[in-house]
Amino acid sequence: MTDEQRKELEEKIKNMSPDQLKEFQKQQCIFCQIISGKIPSKKVYEDEHCLAILDINPATKGHILLLPKEHYAIMPQMPDKELGHLYTVAKKLSQALLKGLKVSGTNLFVANGLPAGQKAQHFILHIIPRKDGDGLLEVKEKLVDKEMRTKVHELIETQFNQIMGIKKEKVQVKKDLPKEEVKEKEEPVEKEEEKEALEKTEDEDSEEQDEVEEDDKTEEPEDNEEEQEAEPKDEVNANLDDIANLFK
């Protein structure tokens, strides 16, 4: 294809409606041609919704490609019902590989988009047999700091809730005060209670003291009266003696 032809094709694709683009991709898709029978393949399973074939360039022996018969470029374009059926078939194919090839495990792998390694514009579910130490799909572990994990978590959760139509309610939670702060807040209360108790005791003591003083004041006049009464008696006695002496 010349540069001029490529530019014309690109311009044609830009002006296509979604349905026209889908039909154009279907015509250009090699896997759609395999599904239609225009290109031969080693079929493992087929029903009205999907086709399973052996990969001609397998990652390991027994590598299966499970294809939806309807053309979808990437997973998000697939209806949930069809995707669910595809994974139900993949489960059975995985069991067949485990028992038929005596392998240790299987990978169910999707290359969703060019950066993920997708080479054909047709959604494919790979079922790959695995054996211990085969060295396939080795990934280096990378540590992510806590702050970054929190940000990623919030972004994914927010977007997922929007897609699913989930409204997350915000619940206000009262934070427990640190023990030291609670202690500091409790201490003034205790001191205030002690102060009130002390003032109450002082008031009671003061009232008792006032009562005692009033009693003392009340009793003092009685003593004075007795003394005053006693004094006249002495005077009477003295006068009588004087009178008696007069008659001697």
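Laboratory data are not the source of any read-out in this text; all were calculated from the coordinates shown. Note that this is a predicted model, so its numbers are computed, not measured. Don't worry about glycine lacking a Cβ; one is built from the backbone with ideal geometry, like all the others, and counts go over all protein chains shown.
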Worksheet item: What's the exposure ranking of PHE123, PHE31, going from fewest to most Cβ atoms within 10 Å?
Response: PHE31, PHE123
Worksheet item: Of the cross-linked pairs LYS26/LYS119; LYS26/LYS91; LYS22/LYS81; LYS26/LYS69; LYS81/LYS168; LYS69/LYS99, which ones have a Cα-Cα span greater than 18 Å in the structure shown?
Response: LYS26/LYS91; LYS22/LYS81; LYS81/LYS168; LYS69/LYS99
Response to the item:
Neighbours of LYS61 by Cβ distance under 14 Å: Lys/Arg at +1, Asp/Glu at -1, summed charge +2
Fill in: Extension gain, LYS92 back to ILE166 (0.36 nm per residue minus Cα-Cα distance, nm)
23.4 nm
Worksheet, complete the sentence: Taking LEU137, LEU21, LEU93 and counting other beta carbon atoms within 10 angstrom, the fewest-first order is LEU137, LEU21, LEU93
Worksheet, complete the sentence: Rounded to 0.05, the calculated FRET efficiency for the beta carbons of GLU82 and ARG149 at R₀ = 30 Å is 0.35
Discussion item. Run the numbers for GLU48 and GLU138: contour at 0.36 nm per residue of separation, minus the present Cα-Cα distance, in nm.
Written reply: 28.8 nm
Item to complete: Once you have a ≥ b ≥ c as the square roots of the Cα gyration tensor eigenvalues for the stretch 27-66, tell me rounded if a/c is under 1.5, and otherwise prolate or oblate according to whether a/b is larger than b/c.
Response: oblate
Worksheet, complete the sentence: Here the gain from full extension of ASN57 to GLN28, 0.36 nm per residue of separation minus their alpha-carbon distance, amounts to 8.4 nm
Worksheet item: Taking amide H positions as placed 1.01 Å from N in the peptide plane, with prolines and chain starts having none, which residues 5 or more places from CYS50, or on another chain, fall under 5 Å of its amide H?
Response: LYS69
